[in-house]
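Remarks on the structure that follows.
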Amino acid sequence: MSPTPNSSPHATTDDIGRASFDPTTDVEWAELRALGHRMLDDLFDAQQALPHSPVWRPLPTDKRLLFTESGPVEGSGAEAAYERVRRHVLPYGLGNWHPRFFGWVQGNGTPLAMLADMLAAGMNPHLGGFNQAPALVEQQVVRWFADWFGLSGASGLFVTGGTMANVHALACARVTVATRLGRTMRKDGVQAWPDAPTPSPFVFYGSTETHGWAHKAAEWLGLGDRAFRMVPVDTAYAVRVDALTEMIAADRAAGLTPFCVIGTAGTVNTGATDDLHALADVCAREQLWFHVDGAFGALAALSPLVRDQVAGMERADSLAFDLHKWGSMPFECACVLVRDAEAHHAAFRNSAAYLAPSERGPTAGGMYFNERGLDLTRSFKALKVWMQLYADGVTHFGRVITQNVRQVRQLVARIAATDELELLAPAPLNIVCFRYRPSAATELERPRLDLDALNAELLTRLQESGEATPSSTWIAGQFAIRVAHVNHRTRDEDIDRLVDTIVSIGRSLVSSGM
């Protein structure tokens, strides 16, 4: 019979009552302190060396096999554990901390925020609420962003990512609109009960470019995916407000109950932003909840260069945004804001005897965040944002965003000036979708040239080379190389290097007969 961690073959009766994960002697504390300093030094060394290292490298087969080993019954010590991390984990991440990482919409993290996360983990506060300074830090950061986004007085909380921020907002919208219509959504949900009239189905709207979270939310909230009504977009990939208005009218006539419209500030495919003012007008007229998915685009409001592109966001009933995207924070760090603080509380209010607030002591003030979101157990996500803002100010966040937009415009200019590159969609904000296209002469010689396959292979070779990591998407049925730029470490020369490498790989593929 194999031993288990609770029946270690080395355990003795002397261990009972003295087991702990802390060092037990001054010498052991000193050794762990030295190891901690070494870890920090290694991380700082790696970050300083980033411009000269590959963006991504594949994990070798022999190292991959290490992750199939059975779990350790007895430990080998902290230093040995860290050595495994240093050799087999640190060099083989996705590379999103690198200056030439442009994949998906993933931020880089910052050295100060890394240290703040260490402080947060060391302090390890429970952020369900409680009478403690960490709860005040989170409430303060929420207030700051509510003010900066034109939603002063809004309620909010930090969550893991954009999906959860958006789902929280949609859940709040569902309960609030249902209450307004006299339906007891929190009690009865969306189900038909034998002792009550059959409720009309709730439906909500967003463009065909809305992020996939909306489909997940429809399923998770019990509405069903058919409840998410996808509205066509125009040539700029923004929602067609005329089509939305027609769909709402048709759904009402069919006996459905519209309750929410989603506007997107920065779509994931192309960076397009819906006409938020027009959507706010529709919601006001139709008495619908107006939610803005600003996962990365909301932060454009901090940059004088592009804040006009998200105008109307301040009219939202709720707003979701990710500070681990264009805010450069380490994962996980997203936020949801709800304009009507009372409605937010009403949608999630929950009480239990073991969480009852008191007049004094640690539970004075109650479980503030637990009563405004799904999670009871929550980590101290806000500390890194709080510290970075105190260190640099929100103006510096805006400078980074402005820098990224200017670099994207530099990329678009390079594409326009390069005969072998083709822009596939407008690039209004920080996402560029383009492809390699050989010269007209080459295409005449090889009329069956598969540009989708060519660009897919080009992108894979680019990523495997370690030179840069964009991602991909499909635009109007065409495979696109997609640069999603939220990288505070990128310099202008990195943009030029990206373009030069893509053209070089493309030419090599064409000359090899692909």
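Quick notes on this one:
- In region 331-489, the portion of solvent-accessible area held by carbon and sulfur atoms comes to 52 percent [1.4 Å probe, whole percent, DNA, RNA and ligands not counted].
- In the context of the full set of protein chains, region 423-514 has a per residue accessible area of 42 Å² (1.4 Å probe).
- Relative contact order [Cα under 8 Å, 6+ residues apart], region 118-266, whole percent: 20
- In this rough spin-label picture, where each label sits 7 Å from Cα along the Cβ direction, the Ala476-Asp195 distance is 5.9 nm.
- Remark: region 320-399 carries 46 Å² of accessible area per residue (probe radius 1.4 Å; ligands, DNA and RNA excluded).
- Carbon/sulfur fraction of accessible area - region 223-312, other protein chains in place, 1.4 Å, %: 52
- Nearby lysines by direct alpha-carbon distance to Lys384 (threshold 17 angstrom, same-chain neighbours under 8 apart not counted): Lys325
- Of the residues Ala253, Trp193, Ser303, the one whose Cα sits farthest towards the positive end of the charge dipole of the chain is Ala253 (charges of +1 on Lys and Arg Cβ, -1 on Asp and Glu Cβ, taken about the Cα centre).
- Sites Ala364 and Ala417 - FRET efficiency at Förster radius 56 Å, r taken between beta-carbons, to 0.05: 0.30
- Square roots of 5 times each gyration tensor eigenvalue, C-alpha, the chain, largest first, Å: 38, 37, 22
- Average accessible surface area per residue within region 90-247, 1.4 Å rolling probe, Å²: 44
- Between Lys216 and Glu342, the distance separating the two model label sites (each 7 Å from Cα on the Cα→Cβ line) works out to 3.3 nm.
- Taking every DSSP beta bridge that has both ends in the chain, the antiparallel portion is near 55%.
- Mean separation of Cα contacts under 8 Å, 6 or more apart, over the residue count of region 290-378: relative contact order %: 20
- Bridgeable aspartates and glutamates around Lys216 (alpha carbons under 20 Å apart, same-chain partners fewer than 8 residues away excluded): Asp225, Asp293, Asp322, Glu332, Asp375.
- With DNA, RNA and ligands ignored, accessible area of Glu74 (1.4 Å probe; Å², nearest 10): 80
- With all protein chains modelled, accessible area of Ile505 [1.4 Å, Å²]: 30
- Given a 1.4 Å probe and the protein chains as shown, Tyr368 ends up with an accessible area of around 70 Å².
- Aspartates and glutamates whose Cα lies under 19 Å from that of Lys187, excluding same-chain neighbours fewer than 8 positions away: Asp195, Glu219, Glu342, Glu371
- For region 289-367, the dipole from Cβ point charges (+1 on Lys and Arg, -1 on Asp and Glu) about the Cα centre works out to 120 debye, to the nearest 20.
- Normalised per residue, the volume of the convex hull around the Cα set of region 158-221 (Å³): 103
- For region 196-349, the share of DSSP beta bridges that are antiparallel, to the nearest 5, is 30%.
- Segment Leu66-Leu376, extension gain: residue separation times 0.36 nm, minus the distance between their alpha carbons: 108.1 nm
- Student exercise, region 64-174 dipole from Lys, Arg, Asp, Glu Cβ charges, in Debye to nearest 20: 340
- The stretch between Leu181 and Asp41 holds 44.5 nm of extra length on full extension. This uses 0.36 nm per residue minus the Cα-Cα distance.
- Straightening the chain between Ala311 and Val394 buys 28.0 nm, computed as 0.36 nm per residue apart minus the Cα-Cα spacing.
- The chain: relative contact order in percent, alpha carbon pairs under 8 Å with at least 6 residues between: 20
- Dipole axis of region 102-234 (+1 Lys, Arg; -1 Asp, Glu on Cβ), positive-most option in Asn124, Gly107, Pro232: Pro232
- Computed about its Cα centre, the charge dipole of region 204-269 is approximately 140 debye, with only Lys, Arg, Asp and Glu carrying charge at their Cβ.
- Pairwise FRET efficiency - Asp450 versus Trp144, Cβ, R0 = 41 Å, nearest 0.05: 0.20
- Converting phi to 3J(HN,Hα) with the Karplus coefficients 6.51, -1.76 and 1.60 and the offset θ = phi - 60°, region 293-305 yields 8, x, 2, 10, x, 4, 5, 4, 4, 7, 10, x, 5 Hz in sequence order, with x at every glycine or proline.
The values are calculated or read from the model by the stated rules, or taken from the named source; none is laboratory data. Just so you know, these numbers come straight off a predicted model, no measurement behind them. Every residue, glycine as well, gets a Cβ built from its backbone with ideal geometry; the counts of neighbours run over all protein chains shown. These area figures cover heavy atoms from the full protein model, side chains too; ligands, DNA and RNA do not enter into them. Shrake-Rupley method; radii C 1.70, N 1.55, O 1.52, S 1.80 Å.
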